[in-house]
Amino acid sequence: MTYKQDSIIIFENNNEKEIEKFAGVGSYATSSIDGIGGIYKHTYKDFIVREITKEGEILRIKDISTKSYFSRGENDDFTEFDLVKLNKEPFKAFNLIASALKVPISHLSYSGLKDRCSISVQKVTVKGNHVEKLNNLKLRNIFIKNISLSRKSIQLGSNKGNHFTVIIRNIDSDIDVETRILKVFETLSSKGFLNYYGLQRFGTFRPNSHIIAKYILRNEYENVFNELVLNTYSSESIDSQLVRNKLRKDGNMEWAYANFPKSLNYERMMIHHLIDHEKDFKGSVQKIPSYLVKLLFSSFQSYFFNKMLTLRIKKGFSPFEPVNGDVIVILDDDNGDLTSIKYVYGGRYDQYLKEAISLNRAYIVIPLVGYNTEMNEYPFMNQFFEDILNEEKIDSSIFKNELFRQYDFKGAHRAMVIKLSDAKILKVSKDDVFQDKQKVKIEFSLPRGSYATMVLRELMK
């Protein structure tokens with residue numbers, strides 16, 4: 001149960017399931033199969049993410065880097081490397097590397113963001129010749145491997161996907177872990193799991209990115225400041241709650257700037273602006289970096305996607321079978337990406353579309369609404385979109401906002417369901433951390449843009 005008391009969002013049990021509901025995640029693909037319970041990410045070592053390159057190679061954590069050399073050709077040459085990070089927030093890692101190389105962070109490019117609480121490896125490029133510095137770079141819990149020349153930079157979404165190795169702990173000893181997991185794996189591999197956006201998109205402990213975005217799009221700058229800086233969530237750290245509560249009560253900006261934890265960097269930037277420019281909330285909002293604004297807008301789109309998917313299932317419509325008015329998109333033959341070829345189900349091609357879905361050659365999609373999106377082109381999902389607009393007291397014109405154009409949020413679509421691949425149980429054993437409990441080690445692969453946490457919630461419930 002979640003409720004609001006003054007400016008405090010309270011999750012009754014502060015568990016992930018409650019927080020996910022706040023971000024629109026509310027249904028299961030395997031609701032008829034019991035979960036195993038337990039916890040994941042007890043330590044970062046329990047969650048390993050390895051990027052799958054566009055060629056299908058799964059990167060290795062333990063590759064040994066050899067000295068590499070860079071021969072300058074065109075001015076646009078790049079240095080490519082494997083970034084291995086341990087329990088490190090991705091943007092913090094990128095900032096540390098950029099600072100060590102003495103380049104703007106905009107010179108670094110990557111295909112996606114990896115979980116903080118994990119061991120992860122991914123491809124990164126940086127503009128220019130940085131081989132010598134990268135070979136000698138020493139940063140805590142950051143390792144640079146396999147440095148090489150590249151004529152092109154890596155782009156967002158250019159990887160094929162990610163491979164996960166996860167340990168789930170603290171499982172009751174009387175649960176038949178293997179039987180339950182295999183049942184879930186069978187469904188997720190044959191029919192698929194709900195392709196929700198996970199909490200990483202919204203904020204794991206303060207799942208409010210979509211709310212901040214809404215206020216920015218409405219030009220409600222004081223509300224942006226209040227939501228980003230002042231409002232507290234019961235799921236965030238006690239230290240964070242205390243400083244936010246004090247500032248909200250006494251308004252002492254100087255004290256807040258001196259005492260807000262350095263980790264609350266965006267909050268401190270906004271507070272510092274208001275010290276120098278009292279009540280200039282618009283100016284304080286403009287201190288938010290453009291890459292963060294883009295992430296905020298993405299979370300706003302993602303929230304509507306999650307809510308539409310949840311509402312569809314709550315209204316009794318299967319996520320696995322198309323109904324009249326559903327939009328079905330054909331996949332690219334080479335790499336399985338969604339194409340621009342789409343059909344509305346309920347016509348002469350229905351038999352072929354259902355066959356294409358069963359053969360993994362097409363997906364039922366839900367729109368990621370942007371300034372170019374025409375919701376009447378999504379006849380079935382449009383009804384749920386309208387319901388959510390009414391529930392959230394939002395006008396559809398918000399998606400036509402000039403800021404959406406400025407940041408190129410023209411709209412897209414996303415598969416409603418994704419099938420799991422390469423899923424295996426590696427080992428079930430006695431838990432070495434929690435007494436009289438058991439643990440299980442599993443692995444699986446997902447296409448880019450899909451969240452491992454959405455697989456784990458199906459397993460654990």
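The values are calculated or read from the model by the stated rules, or taken from the named source; none is laboratory data. In this text the structure is predicted, and so the values were computed from the model without any measurement. Cβ: placed from backbone, ideal geometry, glycine included. Neighbour counts: every protein chain shown.
Looking across segment 393-405, the residues that are touching a helix residue (DSSP H, G or I) at 6+ places or on another chain (Cβ under 9 Å) and either under 30 Å from GLU186 (Cα atoms) or free of Cβ contacts under 8 Å to residues at least 60 places away in the same chain (or both) come down to ASP395, SER396, PHE399. Being out of contact with any Gly (no Cβ under 9 Å at 6 or more places or on another chain), surrounded by 20 or more Cβ atoms within 10 Å (Cβ to Cβ) and not aromatic (Phe, Trp, Tyr) is a property that does not hold for SER209. Residues that are touching a Pro at 6+ places or on another chain (Cβ under 9 Å) and either surrounded by fewer than 14 Cβ atoms within 10 Å (Cβ to Cβ) or of a type in the set (Gly, Ala, Ser) (or both) number at least 1 in the following strands (runs of 3 or more DSSP E) confined to segment 359-461: 412-415, 421-430.
Screening ASN306 on (1) in contact with a Gly (Cβ under 6 Å, 6 or more places away or on another chain); (2) polar (S, T, N, Q); (3) in contact (Cβ under 8 Å) with a residue 60 or more places away in the chain; (4) surrounded by fewer than 23 Cβ atoms within 10 Å (Cβ to Cβ) shows it passes everything except condition (4). Within segment 10-39, the residues that satisfy the criterion of being surrounded by fewer than 21 Cβ atoms within 10 Å (Cβ to Cβ), among the β-branched types (Val, Ile, Thr) and not in a loop (DSSP other than H, G, I, E, B) are ILE10, ILE39.
This table checks each residue for (1) among the β-branched types (Val, Ile, Thr); (2) at pLDDT 95 or above; (3) closer than 19 Å to ALA29 by Cβ.
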{"site": "LEU353", "(1), (2), (3)": "no, yes, no"}
{"site": "SER358", "(1), (2), (3)": "no, no, yes"}
{"site": "PRO367", "(1), (2), (3)": "no, yes, no"}
{"site": "MET381", "(1), (2), (3)": "no, yes, yes"}
{"site": "ILE394", "(1), (2), (3)": "yes, yes, no"}
{"site": "PHE404", "(1), (2), (3)": "no, yes, no"}
{"site": "ARG414", "(1), (2), (3)": "no, yes, yes"}
{"site": "LYS439", "(1), (2), (3)": "no, yes, no"}
{"site": "PRO447", "(1), (2), (3)": "no, no, yes"}
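Looking only at segment 332-341, residues that are part of a strand (DSSP E or B) and farther than 16 Å from VAL417 by Cβ come to 3 in all. Evaluating SER148 against the criteria (1) buried (at least 16 other Cβ atoms within 10 Å of the Cβ); (2) part of a strand (DSSP E or B) leaves one unmet condition, (1).
In segment 381-388, is there at least one residue being closer than 16 Å to VAL329 by Cβ and not acidic (Asp, Glu)? Among the residues of segment 381-388, at least one is closer than 16 Å to VAL329 by Cβ and not acidic (Asp, Glu), which makes the answer yes. Consider SER111 carefully, then state whether it is under 21 Å from SER450 (Cα atoms), at pLDDT below 95 and not charged (D, E, K, R). Taking the combined requirement at face value, the residue satisfies it. Considering segment 245-331, the qualifying helices (runs of 4 or more DSSP H), each wholly inside and each with 1 or more residues that are in contact with a Ser or Thr (Cβ under 9 Å, 6 or more places away or on another chain), run over 265-276, 290-314.
Only residues that are touching a residue at least 12 places away in the same chain (Cβ under 8 Å), of a type outside the set (S, T, N, Q) and assigned to a loop (DSSP other than H, G, I, E, B): list them for segment 165-202, please. Result: ILE175, LYS191, GLY192, TYR196, TYR197, GLY198, PHE202.
Selection of segment 327-348 for residues being modelled with pLDDT of 95 or more and more than 24 Å from SER450 (Cβ to Cβ) yields VAL344, GLY346. Among the residues making up segment 79-136, those that are assigned to a strand (DSSP E or B) and of a type in the set (Asp, Glu) are GLU80, ASP82.
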